[in-house]
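Report on one structure; see the data block that follows.
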Amino acid sequence: MQVQITNLAAEQVGSLELADAVFGVEVRADILHRVVLWQLAKRRGGTHKVKTRAEIARTGAKLYKQKGTGRARHGSRRVNLFRGGGVTHGPVVRDHATDLPKKVRALGLKCALSSKVADGKLVVLDQAALTEPKTKALVGALGKLRWDNALVITGAEVERNFGLAARNLQSIDVLPAQGLNVYDILRRDTLVLTQDAVRQIEERLA
């Protein structure tokens, strides 16, 4: 499919052919859901932890005699019934990551890219570069382009001035082509790819 190439001055500077095998596949919500869950699970630290009754620093001596008091039959202050006692079936330190086949991950990226194309939210930029690292200059350019909430994917590396100018903008994310992922594509309204990024993505997924 043919798309127009835009520059930061909001001018059309050419056109580019996108590979249908990457940007024109059927969008499957189930695949997107699986990939997003896989990504978010990998981000979890898994460091939440509570103390069980075996880890509470209290005496294990019997509180009072078994019979004759009219009270419940307790044998330890460490049980979960008492204030400060152990927690039953609480969270423990563990790894939340799950396995996902590489083919499913690749298909998830294709589905996410194709969904942006289908919604008319994919923009190809000639290059993501600025002459100076000024956020004000970038905000002016984004205003002309009407990009309020966007993910910008550059080539192999993010150009220094552009990265410095964009890092103060909460609604603009900038990533190198290698960092392309389904979650960030879906959480932003507009997907902006440079020409270098398109070439690298097609080499990676086609």
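Between 194, 154, 131, the distinction of being within 25 Å of residue 14 (Cβ to Cβ) and either without any contact (Cβ under 8 Å) to a residue 24 or more places away in the chain or under 19 Å from the mean Cα position of the chain (by Cα) (or both) belongs to 154 only. Within segment 24-44, one or more residues are touching a residue at least 12 places away in the same chain (Cβ under 8 Å), of a type outside the set (A, V, I, L, M, F, W, C) and over 30 Å from residue 203 (Cα atoms). Scanning segment 109-139 for residues that are among the small types (Gly, Ala, Ser) and within 13 Å of residue 172 (Cβ to Cβ) yields a single hit, 128. Taken over segment 184-202, the criterion of being assigned to a helix (DSSP H, G or I) and out of contact with any Asp or Glu (no Cβ under 8 Å at 6 or more places or on another chain) is satisfied by 185, 186, 187, 196, 197, 198, 199, 200, 201, 202.
Looking at residue 105, is it of a type in the set (Lys, Arg) and either closer than 16 Å to residue 180 by Cα or modelled with pLDDT of 95 or more (or both)? Yes. Considering only residues in segment 160-183 that are assigned to a helix (DSSP H, G or I) and of a type in the set (Gly, Ala, Ser), the one that is farthest from residue 104 (Cα to Cα) turns out to be 165. Being part of a loop (DSSP other than H, G, I, E, B), out of contact with any helix residue (DSSP H, G or I) (no Cβ under 6 Å at 6 or more places or on another chain) and at pLDDT below 90 holds for only one residue in 69, 52, 47, 59, and it is 59. Selection of segment 160-191 for residues being within 13 Å of residue 129 (Cβ to Cβ) and surrounded by 18 or more Cβ atoms within 10 Å (Cβ to Cβ) yields 162, 163, 165, 166, 174. Residue 87 - would you say it is among the β-branched types (Val, Ile, Thr) and either loosely packed, with under 13 Cβ neighbours inside 10 Å or touching a residue at least 60 places away in the same chain (Cβ under 8 Å) (or both)? The answer is no for residue 87.
Residue under question is residue 130, and the condition is that it be buried (at least 19 other Cβ atoms within 10 Å of the Cβ), part of a loop (DSSP other than H, G, I, E, B) and modelled with pLDDT under 95; does it hold? Spelling it out, residue 130 is indeed buried (at least 19 other Cβ atoms within 10 Å of the Cβ), part of a loop (DSSP other than H, G, I, E, B) and modelled with pLDDT under 95. Mind listing whichever residues of segment 93-120 are free of Cβ contacts under 8 Å to residues at least 60 places away in the same chain and surrounded by 11 or more Cβ atoms within 10 Å (Cβ to Cβ)? Matches in segment 93-120: 94, 96, 97, 119.
The values are calculated or read from the model by the stated rules, or taken from the named source; none is laboratory data. Note that the structure is predicted; figures quoted are calculated from it, not measured. Note that each Cβ is placed from the backbone with ideal geometry, even for glycine, and that neighbours are counted across all protein chains shown.
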